[in-house]
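The structure appears below as C-alpha coordinates.
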Amino acid sequence: MTAPTRAKLADGRDLLFFALPGHSPEPVADRRPLPQRNPDQSQLRFDRSTGQWVIIAALRQDRTYKPPADQCPLCPGPTGLTSEVPAPDYDVVVFENRFPSLSGAGRPLGAPGGDGFVCAPGHGRTEVICFSSDHTGSFAQLLPAHARLVIDAWRHRTADMLATPGIEQVFCFENRGEEIGVTLSHPHGQIYGYPYLTPRTATMLEQAREHRKRYGGNLFAALLEHEVADGSRVVARTELFTAFVPFAARWPVEVHIYPNRFVRNLVELTGDELDEFARLYLDVLGRFDRMYSAPLPYISALHQYAETDAQADGYFHVELMSIRRGATKLKYLAASESAMGAFIGDVMPESVAERLRELA
Ligand SMILES: [Zn+2]
(Lines give C-alpha, C1' and ligand atoms only; values in the text may rest on other atoms or scores of the structure.)
Protein backbone atom coordinates (compact mmCIF):
# COMPACT_ATOMS: atom_id res chain seq x y z
CA MET A 1 0.00 0.00 0.00
CA THR A 2 1.32 3.47 -0.84
CA ALA A 3 1.66 5.94 2.04
CA PRO A 4 -1.25 8.35 2.51
CA THR A 5 -0.95 12.03 1.56
CA ARG A 6 -0.97 14.14 4.73
CA ALA A 7 -2.50 17.59 5.21
CA LYS A 8 -3.65 19.77 8.13
CA LEU A 9 -7.06 21.30 8.78
CA ALA A 10 -7.38 24.97 9.83
CA ASP A 11 -7.38 24.11 13.54
CA GLY A 12 -4.36 21.82 13.27
CA ARG A 13 -6.13 18.48 13.00
CA ASP A 14 -4.54 15.76 10.83
CA LEU A 15 -6.11 14.86 7.48
CA LEU A 16 -4.93 11.81 5.50
CA PHE A 17 -5.82 10.91 1.92
CA PHE A 18 -5.74 7.25 0.84
CA ALA A 19 -5.87 6.87 -2.94
CA LEU A 20 -6.68 4.11 -5.43
CA PRO A 21 -3.84 3.20 -7.82
CA GLY A 22 -3.40 5.92 -10.46
CA HIS A 23 -5.21 8.56 -8.39
CA SER A 24 -3.39 11.33 -6.60
CA PRO A 25 -5.25 13.54 -4.14
CA GLU A 26 -5.00 17.31 -4.51
CA PRO A 27 -5.85 18.89 -1.17
CA VAL A 28 -6.43 22.66 -1.06
CA ALA A 29 -5.92 24.92 1.97
CA ASP A 30 -8.64 24.74 4.64
CA ARG A 31 -9.72 28.41 4.78
CA ARG A 32 -12.46 28.07 7.39
CA PRO A 33 -12.11 30.27 10.49
CA LEU A 34 -12.21 27.36 12.94
CA PRO A 35 -11.81 28.03 16.68
CA GLN A 36 -8.65 26.71 18.33
CA ARG A 37 -9.02 23.28 19.84
CA ASN A 38 -9.29 22.85 23.56
CA PRO A 39 -6.70 20.24 24.62
CA ASP A 40 -8.86 19.05 27.54
CA GLN A 41 -12.16 18.62 25.76
CA SER A 42 -13.34 15.61 27.67
CA GLN A 43 -12.67 13.72 30.86
CA LEU A 44 -12.71 10.15 32.06
CA ARG A 45 -14.49 9.30 35.25
CA PHE A 46 -13.99 6.00 36.99
CA ASP A 47 -17.12 4.21 38.14
CA ARG A 48 -15.96 2.34 41.21
CA SER A 49 -19.24 0.46 41.42
CA THR A 50 -18.49 -1.36 38.13
CA GLY A 51 -14.74 -0.86 37.69
CA GLN A 52 -15.39 0.85 34.36
CA TRP A 53 -14.27 4.18 32.93
CA VAL A 54 -16.93 6.51 31.53
CA ILE A 55 -16.06 9.20 28.98
CA ILE A 56 -17.74 12.55 29.69
CA ALA A 57 -17.57 14.68 26.54
CA ALA A 58 -20.07 17.47 27.06
CA LEU A 59 -18.93 19.47 24.02
CA ARG A 60 -20.30 16.77 21.75
CA GLN A 61 -23.79 18.16 22.43
CA ASP A 62 -22.97 20.83 19.79
CA ARG A 63 -21.82 18.42 17.08
CA THR A 64 -23.22 18.45 13.56
CA TYR A 65 -26.62 16.77 13.61
CA LYS A 66 -28.33 15.59 10.42
CA PRO A 67 -27.29 18.49 8.14
CA PRO A 68 -29.01 18.93 4.73
CA ALA A 69 -27.11 17.20 1.86
CA ASP A 70 -25.80 20.49 0.42
CA GLN A 71 -24.13 21.29 3.74
CA CYS A 72 -22.57 17.87 4.27
CA PRO A 73 -19.19 18.32 5.99
CA LEU A 74 -17.93 15.02 4.54
CA CYS A 75 -18.48 15.80 0.85
CA PRO A 76 -15.35 17.16 -0.88
CA GLY A 77 -14.99 20.97 -0.59
CA PRO A 78 -12.94 22.31 -3.50
CA THR A 79 -13.07 25.90 -2.19
CA GLY A 80 -11.66 25.05 1.23
CA LEU A 81 -14.56 26.93 2.84
CA THR A 82 -17.33 24.39 3.34
CA SER A 83 -16.08 20.93 4.22
CA GLU A 84 -13.94 18.88 6.55
CA VAL A 85 -12.25 17.60 3.38
CA PRO A 86 -10.77 20.58 1.49
CA ALA A 87 -10.15 18.93 -1.90
CA PRO A 88 -11.93 18.65 -5.27
CA ASP A 89 -12.34 14.91 -4.79
CA TYR A 90 -11.05 11.93 -2.80
CA ASP A 91 -11.19 8.14 -2.62
CA VAL A 92 -10.88 7.53 1.14
CA VAL A 93 -9.96 10.13 3.78
CA VAL A 94 -9.33 10.06 7.49
CA PHE A 95 -9.30 13.10 9.77
CA GLU A 96 -9.37 13.82 13.48
CA ASN A 97 -12.89 14.34 14.79
CA ARG A 98 -13.78 18.01 15.33
CA PHE A 99 -16.01 17.00 18.25
CA PRO A 100 -13.85 14.30 19.82
CA SER A 101 -14.80 12.22 22.80
CA LEU A 102 -11.07 11.49 23.26
CA SER A 103 -8.13 13.64 22.09
CA GLY A 104 -4.53 14.54 22.76
CA ALA A 105 -3.13 11.03 23.23
CA GLY A 106 0.35 10.81 24.65
CA ARG A 107 0.14 10.13 28.35
CA PRO A 108 -0.61 6.65 29.67
CA LEU A 109 -3.57 6.42 31.99
CA GLY A 110 -2.64 5.69 35.60
CA ALA A 111 -4.40 2.87 37.44
CA PRO A 112 -7.44 4.19 39.27
CA GLY A 113 -6.91 4.16 43.01
CA GLY A 114 -7.95 5.94 46.20
CA ASP A 115 -11.30 6.16 47.87
CA GLY A 116 -12.63 9.31 46.24
CA PHE A 117 -13.98 10.20 42.86
CA VAL A 118 -11.30 9.47 40.26
CA CYS A 119 -10.99 11.64 37.15
CA ALA A 120 -8.49 11.60 34.29
CA PRO A 121 -8.11 13.75 31.18
CA GLY A 122 -9.96 12.28 28.19
CA HIS A 123 -6.80 11.49 26.31
CA GLY A 124 -6.89 9.25 23.29
CA ARG A 125 -7.76 9.79 19.67
CA THR A 126 -10.94 9.80 17.61
CA GLU A 127 -10.92 9.92 13.83
CA VAL A 128 -13.55 10.01 11.12
CA ILE A 129 -13.06 7.87 8.00
CA CYS A 130 -15.00 8.70 4.82
CA PHE A 131 -15.39 5.66 2.59
CA SER A 132 -16.12 7.56 -0.62
CA SER A 133 -16.65 11.12 -1.89
CA ASP A 134 -20.12 10.03 -3.08
CA HIS A 135 -22.69 11.39 -0.60
CA THR A 136 -25.19 8.61 -1.23
CA GLY A 137 -24.56 4.91 -1.00
CA SER A 138 -22.89 2.88 1.71
CA PHE A 139 -20.01 0.52 2.36
CA ALA A 140 -21.97 -2.34 0.81
CA GLN A 141 -22.00 -0.56 -2.55
CA LEU A 142 -18.23 -0.05 -2.76
CA LEU A 143 -16.34 -1.95 -5.46
CA PRO A 144 -14.01 -4.62 -4.01
CA ALA A 145 -10.85 -2.55 -4.73
CA HIS A 146 -12.41 0.45 -3.00
CA ALA A 147 -13.49 -1.64 0.01
CA ARG A 148 -9.93 -2.96 0.17
CA LEU A 149 -8.68 0.67 0.23
CA VAL A 150 -10.92 1.38 3.25
CA ILE A 151 -9.49 -1.72 4.94
CA ASP A 152 -5.95 -0.51 4.10
CA ALA A 153 -6.81 2.83 5.73
CA TRP A 154 -8.18 1.03 8.84
CA ARG A 155 -4.97 -0.99 8.90
CA HIS A 156 -2.74 2.09 8.60
CA ARG A 157 -4.58 3.88 11.38
CA THR A 158 -4.48 0.76 13.58
CA ALA A 159 -0.69 0.46 13.24
CA ASP A 160 -0.25 4.18 13.85
CA MET A 161 -2.48 4.35 16.93
CA LEU A 162 -1.17 1.12 18.46
CA ALA A 163 2.29 2.74 18.33
CA THR A 164 1.00 5.88 20.12
CA PRO A 165 1.89 6.01 23.82
CA GLY A 166 -1.19 6.02 26.00
CA ILE A 167 -3.48 4.17 23.56
CA GLU A 168 -4.49 0.72 24.79
CA GLN A 169 -7.11 -0.29 22.25
CA VAL A 170 -7.92 0.71 18.66
CA PHE A 171 -11.55 0.37 17.64
CA CYS A 172 -12.57 0.82 13.99
CA PHE A 173 -16.30 0.76 13.43
CA GLU A 174 -18.86 1.67 10.85
CA ASN A 175 -22.59 1.79 11.00
CA ARG A 176 -25.53 2.69 8.91
CA GLY A 177 -29.08 3.84 9.47
CA GLU A 178 -30.78 6.58 11.45
CA GLU A 179 -32.34 3.75 13.47
CA ILE A 180 -29.03 3.13 15.20
CA GLY A 181 -28.10 6.77 15.69
CA VAL A 182 -26.11 7.77 12.59
CA THR A 183 -26.25 11.60 12.47
CA LEU A 184 -24.46 12.08 9.12
CA SER A 185 -25.73 10.06 6.15
CA HIS A 186 -22.51 10.37 4.09
CA PRO A 187 -20.89 6.89 4.14
CA HIS A 188 -18.32 7.03 6.91
CA GLY A 189 -17.06 5.29 10.00
CA GLN A 190 -14.98 6.20 13.01
CA ILE A 191 -11.79 5.04 14.66
CA TYR A 192 -11.30 5.33 18.42
CA GLY A 193 -8.01 5.02 20.26
CA TYR A 194 -8.99 4.35 23.88
CA PRO A 195 -6.56 4.92 26.77
CA TYR A 196 -7.96 1.79 28.48
CA LEU A 197 -9.42 -1.59 27.55
CA THR A 198 -13.14 -1.27 26.89
CA PRO A 199 -15.45 -3.29 29.18
CA ARG A 200 -16.48 -5.81 26.52
CA THR A 201 -12.88 -6.41 25.45
CA ALA A 202 -11.71 -6.74 29.05
CA THR A 203 -14.44 -9.32 29.71
CA MET A 204 -13.62 -11.29 26.56
CA LEU A 205 -9.89 -11.36 27.40
CA GLU A 206 -10.71 -12.52 30.93
CA GLN A 207 -12.80 -15.37 29.47
CA ALA A 208 -9.88 -16.24 27.16
CA ARG A 209 -7.44 -16.31 30.09
CA GLU A 210 -9.80 -18.57 32.03
CA HIS A 211 -10.17 -20.88 29.00
CA ARG A 212 -6.41 -21.15 28.56
CA LYS A 213 -5.95 -21.97 32.24
CA ARG A 214 -8.61 -24.71 32.23
CA TYR A 215 -8.31 -26.24 28.78
CA GLY A 216 -5.17 -24.78 27.18
CA GLY A 217 -5.25 -23.12 23.77
CA ASN A 218 -7.06 -20.07 22.48
CA LEU A 219 -10.74 -19.57 23.33
CA PHE A 220 -11.66 -17.84 20.06
CA ALA A 221 -9.87 -20.46 17.92
CA ALA A 222 -11.84 -23.11 19.83
CA LEU A 223 -15.14 -21.27 19.27
CA LEU A 224 -14.41 -20.94 15.54
CA GLU A 225 -13.54 -24.64 15.33
CA HIS A 226 -16.80 -25.56 17.11
CA GLU A 227 -18.88 -23.34 14.82
CA VAL A 228 -17.27 -24.84 11.71
CA ALA A 229 -17.71 -28.41 12.98
CA ASP A 230 -21.36 -27.80 13.91
CA GLY A 231 -22.12 -25.84 10.73
CA SER A 232 -25.70 -24.86 11.61
CA ARG A 233 -24.80 -21.22 12.22
CA VAL A 234 -22.13 -20.82 9.51
CA VAL A 235 -23.20 -18.22 6.93
CA ALA A 236 -20.21 -18.40 4.59
CA ARG A 237 -16.77 -19.95 4.70
CA THR A 238 -13.82 -19.48 2.37
CA GLU A 239 -10.26 -20.75 2.46
CA LEU A 240 -9.19 -17.79 4.62
CA PHE A 241 -12.28 -16.49 6.49
CA THR A 242 -15.47 -17.72 8.17
CA ALA A 243 -18.71 -15.81 8.84
CA PHE A 244 -21.18 -17.23 11.36
CA VAL A 245 -24.05 -16.29 13.65
CA PRO A 246 -22.73 -16.77 17.20
CA PHE A 247 -24.25 -19.54 19.36
CA ALA A 248 -25.49 -17.04 21.98
CA ALA A 249 -26.38 -14.17 19.62
CA ARG A 250 -27.58 -11.06 21.43
CA TRP A 251 -29.04 -9.18 18.45
CA PRO A 252 -31.85 -10.12 16.02
CA VAL A 253 -29.20 -10.17 13.26
CA GLU A 254 -25.65 -10.84 14.40
CA VAL A 255 -22.74 -12.15 12.32
CA HIS A 256 -19.11 -12.59 13.34
CA ILE A 257 -16.34 -12.77 10.73
CA TYR A 258 -13.08 -14.49 11.73
CA PRO A 259 -9.89 -15.10 9.76
CA ASN A 260 -9.25 -18.88 9.71
CA ARG A 261 -5.84 -18.33 11.28
CA PHE A 262 -5.06 -16.50 14.52
CA VAL A 263 -4.00 -12.87 14.16
CA ARG A 264 -4.46 -10.02 16.64
CA ASN A 265 -5.30 -7.21 14.25
CA LEU A 266 -5.52 -6.07 10.62
CA VAL A 267 -1.81 -5.26 10.57
CA GLU A 268 -0.96 -8.98 10.86
CA LEU A 269 -3.10 -10.04 7.86
CA THR A 270 -1.36 -10.80 4.53
CA GLY A 271 -2.30 -9.13 1.24
CA ASP A 272 -4.31 -12.18 0.14
CA GLU A 273 -6.15 -12.24 3.48
CA LEU A 274 -6.99 -8.53 3.22
CA ASP A 275 -8.44 -9.08 -0.29
CA GLU A 276 -10.46 -12.03 0.95
CA PHE A 277 -11.65 -10.08 4.00
CA ALA A 278 -12.91 -7.27 1.71
CA ARG A 279 -14.78 -9.81 -0.45
CA LEU A 280 -16.41 -11.68 2.44
CA TYR A 281 -17.29 -8.46 4.27
CA LEU A 282 -19.06 -7.14 1.14
CA ASP A 283 -20.72 -10.54 0.71
CA VAL A 284 -22.17 -10.42 4.26
CA LEU A 285 -23.35 -6.80 3.84
CA GLY A 286 -25.00 -7.79 0.54
CA ARG A 287 -26.93 -10.56 2.33
CA PHE A 288 -27.98 -8.06 5.02
CA ASP A 289 -29.38 -5.74 2.36
CA ARG A 290 -31.41 -8.54 0.76
CA MET A 291 -33.15 -9.46 4.04
CA TYR A 292 -35.79 -6.72 3.85
CA SER A 293 -37.09 -4.22 1.30
CA ALA A 294 -34.95 -1.46 2.85
CA PRO A 295 -31.22 -1.76 3.64
CA LEU A 296 -30.55 -3.23 7.08
CA PRO A 297 -29.38 -0.75 9.73
CA TYR A 298 -26.26 -2.18 11.35
CA ILE A 299 -23.21 -1.60 13.52
CA SER A 300 -19.96 -3.22 12.49
CA ALA A 301 -17.25 -3.50 15.15
CA LEU A 302 -13.66 -4.53 14.45
CA HIS A 303 -12.22 -6.30 17.48
CA GLN A 304 -8.47 -5.74 17.41
CA TYR A 305 -5.78 -6.37 19.98
CA ALA A 306 -2.31 -5.11 20.78
CA GLU A 307 0.79 -7.26 21.15
CA THR A 308 0.83 -7.08 24.93
CA ASP A 309 0.65 -9.83 27.54
CA ALA A 310 -2.78 -8.63 28.65
CA GLN A 311 -4.13 -8.93 25.10
CA ALA A 312 -2.15 -12.00 23.98
CA ASP A 313 -5.29 -14.14 23.48
CA GLY A 314 -7.21 -11.50 21.52
CA TYR A 315 -8.27 -12.94 18.12
CA PHE A 316 -9.04 -10.35 15.45
CA HIS A 317 -12.62 -10.53 14.23
CA VAL A 318 -15.56 -8.39 13.18
CA GLU A 319 -18.91 -8.39 14.97
CA LEU A 320 -21.84 -7.10 12.90
CA MET A 321 -25.17 -6.50 14.58
CA SER A 322 -28.57 -5.10 13.71
CA ILE A 323 -31.55 -4.07 15.77
CA ARG A 324 -33.98 -4.95 12.96
CA ARG A 325 -36.05 -7.97 14.00
CA GLY A 326 -38.69 -7.80 11.28
CA ALA A 327 -39.70 -5.78 8.21
CA THR A 328 -41.41 -3.20 10.39
CA LYS A 329 -40.00 -4.01 13.83
CA LEU A 330 -36.92 -2.81 15.66
CA LYS A 331 -35.47 -4.24 18.84
CA TYR A 332 -34.90 -1.51 21.39
CA LEU A 333 -32.60 -2.05 24.29
CA ALA A 334 -35.22 -2.39 26.98
CA ALA A 335 -34.94 -2.60 30.75
CA SER A 336 -33.26 -6.00 30.93
CA GLU A 337 -30.56 -5.05 28.39
CA SER A 338 -30.08 -1.38 29.33
CA ALA A 339 -30.30 -1.67 33.08
CA MET A 340 -28.86 -5.13 33.68
CA GLY A 341 -26.86 -5.95 30.53
CA ALA A 342 -28.95 -9.13 30.27
CA PHE A 343 -29.80 -9.70 26.62
CA ILE A 344 -32.99 -11.42 25.50
CA GLY A 345 -32.91 -12.74 21.93
CA ASP A 346 -36.11 -12.65 19.88
CA VAL A 347 -35.06 -15.14 17.20
CA MET A 348 -33.20 -18.45 17.00
CA PRO A 349 -29.61 -17.85 15.87
CA GLU A 350 -29.84 -20.98 13.66
CA SER A 351 -32.87 -19.56 11.75
CA VAL A 352 -31.03 -16.29 11.10
CA ALA A 353 -28.01 -18.21 9.80
CA GLU A 354 -30.24 -20.30 7.52
CA ARG A 355 -31.91 -17.17 6.14
CA LEU A 356 -28.53 -15.51 5.52
CA ARG A 357 -27.23 -18.64 3.77
CA GLU A 358 -30.25 -18.56 1.41
CA LEU A 359 -29.50 -14.93 0.57
CA ALA A 360 -26.10 -15.77 -1.00
ZN1 LIG B 1 -21.70 14.13 1.87
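The values are calculated or read from the model by the stated rules, or taken from the named source; none is laboratory data. This one's a predicted model, so the numbers in the text were calculated from it and none came from an experiment. Note that each Cβ is placed from the backbone with ideal geometry, even for glycine, and that neighbours are counted across all protein chains shown. Note: areas computed on protein heavy atoms with side chains; ligands, DNA, RNA excluded. Shrake-Rupley method; radii C 1.70, N 1.55, O 1.52, S 1.80 Å.
So the values come out like this:
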{"read-out": "From Leu81, Leu109, residue being under 20 Å from Gln41 (Cβ atoms) and more than 21 Å from the chain's Cα centre (by Cα)", "value": "Leu109"}
{"read-out": "Neighbours by Cβ (under 6 Å, 6+ apart or cross-chain): first from segment 173-188, in contact (Cβ under 8 Å) with a residue 40 or more places away in the chain and more than 27 Å from Asn265 (Cα to Cα); second assigned to a loop (DSSP other than H, G, I, E, B) and away from the ligand (no atom under 16 Å from the Cβ)", "value": "Glu179/Pro297"}
{"read-out": "Test: Asp89 is assigned to a loop (DSSP other than H, G, I, E, B), open to solvent by 50 Å² or more (accessible area, probe 1.4 Å) and either modelled with pLDDT of 90 or more or touching a Lys or Arg at 6+ places or on another chain (Cβ under 8 Å) (or both)", "value": "yes"}
{"read-out": "All positions within segment 69-104 that are away from the ligand (no atom under 16 Å from the Cβ) and among the aliphatic types (A, V, I, L, M)", "value": "Leu102"}
{"read-out": "Residue count, segment 239-267 (criterion: of a type in the set (Asp, Glu) and crowded, with 17+ Cβ neighbours inside 10 Å)", "value": "1"}
{"read-out": "Residue tally, condition without any contact (Cβ under 8 Å) to a residue 24 or more places away in the chain and open to solvent by less than 20 Å² (accessible area, probe 1.4 Å), over segment 121-168", "value": "0"}
{"read-out": "Qualifying positions in segment 176-190 - within 14 Å of the ligand (Cβ to nearest atom) and in a loop (DSSP other than H, G, I, E, B)", "value": "Val182, Thr183, Leu184, Ser185, His186, Pro187"}
{"read-out": "Test: residue in segment 63-71 that is at pLDDT 95 or above and in a loop (DSSP other than H, G, I, E, B)", "value": "no"}
{"read-out": "Residues of segment 14-47 satisfying the condition of being touching a Leu at 6+ places or on another chain (Cβ under 9 Å), open to solvent by less than 90 Å² (accessible area, probe 1.4 Å) and part of a loop (DSSP other than H, G, I, E, B)", "value": "Ala19, Leu20, Pro27, Asp30, Arg32, Leu34, Asn38, Gln41, Ser42"}
{"read-out": "Hey, Pro195 more than 28 Å from Tyr332 (Cα to Cα), of a type outside the set (Ser, Thr, Tyr), more than 16 Å from the ligand (Cβ to nearest atom) and crowded, with 20+ Cβ neighbours inside 10 Å or not", "value": "yes"}
